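Colleague: Sending over a structure as structure tokens; questions will come in a sec.
The values are calculated or read from the model by the stated rules, or taken from the named source; none is laboratory data. Bear in mind the structure is a predicted one, so any value in this text is a computation, not a measurement. All Cβ positions, glycine included, derive from the backbone under ideal geometry; neighbour counts span all protein chains shown. Surface areas here come from the heavy atoms of the whole protein model, side chains and all, with no ligands, DNA or RNA. Shrake-Rupley method; radii C 1.70, N 1.55, O 1.52, S 1.80 Å.
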Amino acid sequence: MEYLKVKCHRCGNSFHLYNRDISHEEKPPHCPHCLVSMDKTQWERLIDAYFTFAEVNKNFRKYHTDRGEPLFQVELLTEKKYVKPEKIVLNDGLMGWTGAGMGMEEALKAMPKPLADIVRNPVPNRNVTDYEK
């Protein structure tokens, strides 16, 4: 059974939305902890995405049973953590070190040589083991 786990960044709590709660006829959900409601447009987009994703997983199961295809199950996970803009601290030393805000040649001169070499000559996809010695 698919369901959505929703994180409310207003109060920091999470809640679940189950299939029975997800339809265009339903009002946008609200956080049960702080009662803030989701935007209607985003709710409609989320419904469409949810049912598309659920159908893909359903088809994986169906094709495995009917056709003997390999069975997969896909989960959508969000790795990035939301950081409130007021919590972000810029380190001017880092910006100068990476050459941020400069032209390319000026930035390459400001960077330490190993970093500048990587920017000038990027290495195509390699395995991490190529670098571990």
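Colleague: Taking a probe of 1.4 angstrom, what is the accessible area of residue 30 in Å², to the nearest 10?
Modeller: 90 Å²
Colleague: Hey, another quick one. Sticking with the crude label model, points 7 Å out along Cα→Cβ, report the distance from residue 5 to residue 23 in nm, one decimal please.
Modeller: Those two pseudo-labels are separated by 2.7 nm.
Colleague: While we're here: Quote to one decimal, in nm, the extra length available between residue 105 and residue 63 on full extension: 0.36 nm per residue of separation minus the C-alpha distance between them. Write down the numbers at each step before the final one.
Modeller: Values: separation 42, 0.36 × 42 = 15.12 nm, distance 5.44 nm.
Length gained, residue 105 through residue 63: 9.7 nm.
Colleague: Moving to a separate point now. According to a simple spin-label model (label point 7 Å from Cα along Cα-to-Cβ), what is the distance in nm between residue 44 and residue 71?
Modeller: 3.8 nm
Colleague: Treat region 10-71 as a sphere of radius equal to its Kirkwood radius over Cα pairs and apply Stokes-Einstein at 25 °C in a medium of 0.890 mPa s; give the translational diffusion coefficient in µm²/s, rounded to a whole number. Show your work: numbers first, answer last.
Modeller: Working: Rh = 13.7 Å.
Here the translational diffusion coefficient equals 180 µm²/s.
Colleague: Let me ask you something else. Say the cut-off is 21 Å between C-alpha atoms; which of 5/27; 5/40; 40/81 go over it?
Modeller: Values: 5/27 17 Å; 5/40 18 Å; 40/81 23 Å.
Flagged as over cut-off: 40/81.
Colleague: Between residue 120 and residue 30, what is the label-to-label distance in nm when each label sits 7 Å out along the Cα-to-Cβ direction?
Modeller: 6.1 nm
Colleague: Right, another one. Using a cut-off of 13 Å between beta-carbons, work out the net charge of the residues near residue 30 (Lys and Arg +1, Asp and Glu -1, residue 30 not included). Each step should come with its number before you reach the end.
Modeller: Values: positive: 10, 27, 40; negative: 21, 26, 39.
That works out to 0.
Colleague: Once the whole set of protein chains is in place, how much accessible area is left on residue 61, using a 1.4 Å probe, in Å² to the nearest 10?
Modeller: Surface accessible to solvent at residue 61 totals approximately 110 Å².
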